[in-house]
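Beneath this line is the structure, given in structure tokens, with notes to follow.
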Amino acid sequence: MRSLIIIMAILLVLTGCATTAKMNKVSIGMTKSEVIDTMGKPDSSAGIGREETLRYTLYNASIDMYQEYWVVLRNGKVYKYGRAGDYNND
């Protein structure tokens, strides 16, 4: 029984790391379809003018909680990305 709990805990940590690690695969200049291929379907998206924001909620195992991440596209390509609120609007 103890082995099962340890295995489940390890799987949870590895799964969580893999989830937020997806953000490390995003880069400036990627297209929307490339982001979706990398990150999966966003939880939501919103657009104004030439910009569109894709919102993802990802589990961060290192702090044991979910966090919101944004990928901002300008003219269809990644302009900026990261944890919600980590960068200024411009």
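List the trypsin sites (Lys or Arg not before Pro) within the stretch 47-90 that fall in a DSSP loop (any state other than H, G, I, E or B) and whose Cβ has at most 15 other Cβ atoms within 10 Å.
Hits after loop and neighbour filter: Arg50.
Each label point is 7 Å from the Cα along the Cα-to-Cβ direction; what then is the distance between the points at Ser44 and Arg74, in nm?
2.4
Pull out the extension gain between Gln67 and Asp37, defined as 0.36 nm times the separation in residues minus the alpha carbon to alpha carbon distance; nm, one decimal. List each step's numbers first, then the result.
Values: separation 30, 0.36 × 30 = 10.80 nm, distance 2.02 nm.
Once the chain is fully extended between Gln67 and Asp37, it gains 8.8 nm.
We did not get these values from a lab; they are worked out from the coordinates using the rules stated. Just so we're clear, the structure is a prediction, and the values are computed from it rather than from any experiment. Counting neighbours? That spans all protein chains shown, and the Cβs are built from the backbone with ideal geometry, glycine included.
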